[in-house]
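First up is the structure itself, then whatever we jot down about it.
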Amino acid sequence: MKGRIWMIHDCVIIGGGPAGLNAALVLGRARKNVVVIDEGCPRNRVTREIHGFLTRDQISPSEFRRIAKEQNSSYPSIHFVADTAVEITGTDVFFQIKTAQEKTYRSKKLLFAVGMKDLPVDIKGLAEVYGKSAFVCPYCDGWELREQPLVLIVKGADALHLAKMISGWTNHFTICTNGPDELTDAQREELSQHNVPVFDSPIQIVESNDGMVQQVVLEDGKKIACTGIFFRPKLIAGSNLPQEIGCQITEAGTVIVDNFGKTNVPGVFSAGDAASQLHQAITAASLGSLAAVGINNELNEEAWSRGHNNE
Ligand SMILES: Cc1cc2nc3c(=O)[nH]c(=O)nc-3n(C[C@H](O)[C@H](O)[C@H](O)COP(=O)(O)OP(=O)(O)OC[C@H]3O[C@@H](n4cnc5c(N)ncnc54)[C@H](O)[C@@H]3O)c2cc1C
């Protein structure tokens, strides 16, 4: 439009979870102009508490975000937008990010902190207990289920891996493979030697009361009483945008980055669950911080080479 002056932000951050929020904090403190576009659908929204995050142990995900936004808001160059990024054009030093609400934001750098998403698991009754008594990560929720009878819904070699991990929290657990499984005879033997029952029958239903699992009922009629479940949902990228603009992706759907979150696409960075195999809030925040340093270094180098400091 003739005569219109566009604001070009130093960085647009897509995603306002721990990764995006920590990146915003570091960039804001580095006096960079940042917009965080977040549609507000984080992976941990089903759970009541975040665990294992120093100073933030046992607070709710929404309270975590509220505190993070409040702290970010004391830096005037950080702005929040509740929206979904839907299209990206342009290249390094001039990206255009279009949103579902038909706004366009322009930036020199781009950070994808879009997280990962669970694909729905086709087990009746599991959705009702997810985040309340069924979890995905023992480091996040193992303490709350310590010494309790658990069911692990897991297949193949991962069953043995998860069994060894869980044994640090409880010795009372059963593996349900939920249908035919590739566990080898040697793996079954190893589990048997450690008194871990393995059932291959498909799961008919997870029975619960007010989000608390009571028993897992198998199609062959067996009922396994338990107070908690760990399972392995299939994950997909929180957004296809990184792939659409040419970022290299792993088989697991995460963006390939260097130690400072830099992707193969110039000017584009990624952090948090979206760019890591280890999915924990504190790790995501830390990766967001590292990516912010990478972004800030590039911005400063570019300004310096043009003869401007902190442009
Ligand atoms: C049930 C459960 C319990 C957990 N418990 C713990 C725990 O106790 N402790 C712990 O450390 N970790 C826990 N985690 C893991 C933790 O939630 C994640 O590691 C962490 O949230 C990752 O942060 P992130 O910023 O990378 O992504 P997220 O927190 O998932 O945030 C990504 C954000 O990007 C937004 N987004 C995606 N695409 C777009 C787009 N196109 N436009 C705008 N916004 C977009 C999403 O809506 C979301 O708000 C748990 C996870 C689950 C599933």
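The values are calculated or read from the model by the stated rules, or taken from the named source; none is laboratory data. Computed from a predicted model, the values in this text were never measured in an experiment. Don't worry about glycine lacking a Cβ; one is built from the backbone with ideal geometry, like all the others, and counts go over all protein chains shown.
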Exercise. Only one of (1) among the aliphatic types (A, V, I, L, M); (2) assigned by TED's automatic domain parsing to the domain that holds F260; (3) within 11 Å of the ligand (Cβ to nearest atom) is not met by V136, so which one is it?
Worked result: (2)
Exercise. Among the candidates E251, E301, which residue alone is out of contact with any Ser or Thr (no Cβ under 8 Å at 6 or more places or on another chain), more than 16 Å from the ligand (Cβ to nearest atom) and not in a loop (DSSP other than H, G, I, E, B)?
Worked result: E301
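Is it the case that L299 is closer than 30 Å to F135 by Cβ and either out of contact with any helix residue (DSSP H, G or I) (no Cβ under 7 Å at 6 or more places or on another chain) or surrounded by 21 or more Cβ atoms within 10 Å (Cβ to Cβ) (or both)?
On the way: closer than 30 Å to F135 by Cβ: no; either out of contact with any helix residue (DSSP H, G or I) (no Cβ under 7 Å at 6 or more places or on another chain) or surrounded by 21 or more Cβ atoms within 10 Å (Cβ to Cβ) (or both): yes.
Answer is no for this residue.
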Problem set entry | Selection within segment 199-228 - among the charged types (D, E, K, R), more than 28 Å from the chain's Cα centre (by Cα) and assigned to a strand (DSSP E or B) | K223
Seminar exercise, completed: Within segment 150-168, restricting to residues that are outside any helix (DSSP H, G or I) and closer than 21 Å to V121 by Cβ, the one that is modelled with the lowest pLDDT is K155
Seminar exercise, completed: Taking first residues from segment 17-33 that are in the same structural domain as V81 (by TED's automatic domain parsing) and over 14 Å from I282 (Cβ atoms) and second residues anywhere that are of a type in the set (D, E, K, R) and more than 16 Å from the ligand (Cβ to nearest atom), the pairs with Cβ under 8 Å that are 6 or more apart or on different chains are L27/D10; K32/D10; N33/D10
Exercise. Restricting the search to segment 124-139, which residues are aliphatic (A, V, I, L, M) and surrounded by fewer than 21 Cβ atoms within 10 Å (Cβ to Cβ)?
Worked result: A127, V136
